[in-house]
Amino acid sequence: MSIHREVKAVWRQASSVSGDYRLRQLEFLLGERKTETIYREYGCIFKIDLDKAYFSPRLSYERLRIAELIQTGEVVLNMFAGVGCYSIFIAKHSEPLKVYSIDINPVAIHLLHENIRLNRVADKIVPIKGDAKKVIETELQNIADRVLMPLPERAYSYLDSALLALKPTGGWAHYYAFQHAKKTEDPVEKVEEKVSEKLHSLGVNFKLDSGRIVRPIGPRWYQVVLDINVKG
Ligand SMILES: C[S@@+](CC[C@H](N)C(=O)[O-])C[C@H]1O[C@@H](n2cnc3c(N)ncnc32)[C@H](O)[C@@H]1O
């Protein structure tokens, strides 16, 4: 703090993320006891609360990669939107028609509303509080060109909901997972095998377009993304 005068508070991450809201415990070290702050990324402003809603600055390249894939006029569904880091990035840097943005954490949805206002993207983003599975079943079937699934711990059990949200003509699902891989194994291939098996069992016509390691998250553990092209 004596070197970086703008730093007002210092907290230590005291646990890994857990629970439905994907939060971690924080240990207070120095300065003000506040966990709310403003984070800026590629021209976007995000109000975040490190104690009450998920946030990671380490996904900024992945947000940029997804934004660059979006075609003008697409309807995008973000099933696990948090405070809106993907959704707002897309609304500002691509030209979607709408970005439906669901989260189950009321604080995340409150901050998402704030961030929509701060970034002036109210015409593009539709925030929805609730469980993604239920929201899709009741109001968002067959509407999306593209579905984002940034909940790596549980995306597998939401795959059928993502398919339900896609338009009957097909589209894209960006599927995130955590995967362990031995030295001789490829984590992306392991996720591809598991997802392909499930999609085949559901009778889906699809192509795995590309997969990549988003980031390492521990010894031999990786966050992986698959870009799944679902045919109509
Ligand atoms: C890993 S965070 C990602 C948030 C955001 N996409 C980002 O990158 O900052 C996953 C989010 O999913 C939300 N979540 C967990 N279960 C959910 C569910 N069943 N339906 C909707 N949102 C859910 C959590 O509250 C959390 O904000």
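The table below gives the values:
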| item | result |
| --- | --- |
| Residue in the stretch 109-119 that is among the hydrophobic types (A, V, I, L, M, F, W, C) and surrounded by fewer than 18 Cβ atoms within 10 Å (Cβ to Cβ) present | yes |
| Per-region count, the stretch 70-84, residues within 16 Å of the ligand (Cβ to nearest atom) and either among the hydrophobic types (A, V, I, L, M, F, W, C) or out of contact with any helix residue (DSSP H, G or I) (no Cβ under 9 Å at 6 or more places or on another chain) (or both) | 7 |
| Selected residue (criterion: nearest to the ligand (Cβ to nearest atom)) from residues of the stretch 35-69 that are part of a loop (DSSP other than H, G, I, E, B) and surrounded by 13 or more Cβ atoms within 10 Å (Cβ to Cβ) | Tyr54 |
| Output for the stretch 1-14, where each listed residue is part of a strand (DSSP E or B) and exposed (fewer than 14 other Cβ atoms within 10 Å of the Cβ) | Val10, Arg12, Gln13 |
| Residue pairs meeting the criteria (Cβ under 7 Å; at least 6 apart or on separate chains; first in contact (Cβ under 8 Å) with a residue 60 or more places away in the chain, in the stretch 12-38; second of a type outside the set (A, V, I, L, M, F, W, C)) | Tyr21/Tyr54; Tyr21/Asn105; Arg22/Tyr54 |
| Selected residue (only one of Val17, Val99 is closer than 19 Å to Tyr158 by Cβ and surrounded by 16 or more Cβ atoms within 10 Å (Cβ to Cβ)) | Val99 |
| Candidates Leu111, Leu118, Leu151, Leu159, filtered to the one that is hydrophobic (A, V, I, L, M, F, W, C) and part of a loop (DSSP other than H, G, I, E, B) | Leu151 |
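Conditions tested, residue by residue: (1) assigned to a strand (DSSP E or B); (2) surrounded by fewer than 14 Cβ atoms within 10 Å (Cβ to Cβ).
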site	(1), (2)
Tyr176	yes, no
Lys183	no, yes
Glu193	no, yes
Lys207	yes, yes
Ile228	yes, no
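Coordinate-derived values only; no laboratory data. The structure displayed is predicted, hence computed values, not measured ones. We place every Cβ from the backbone using ideal geometry, glycine too, and count neighbours over all the protein chains shown.
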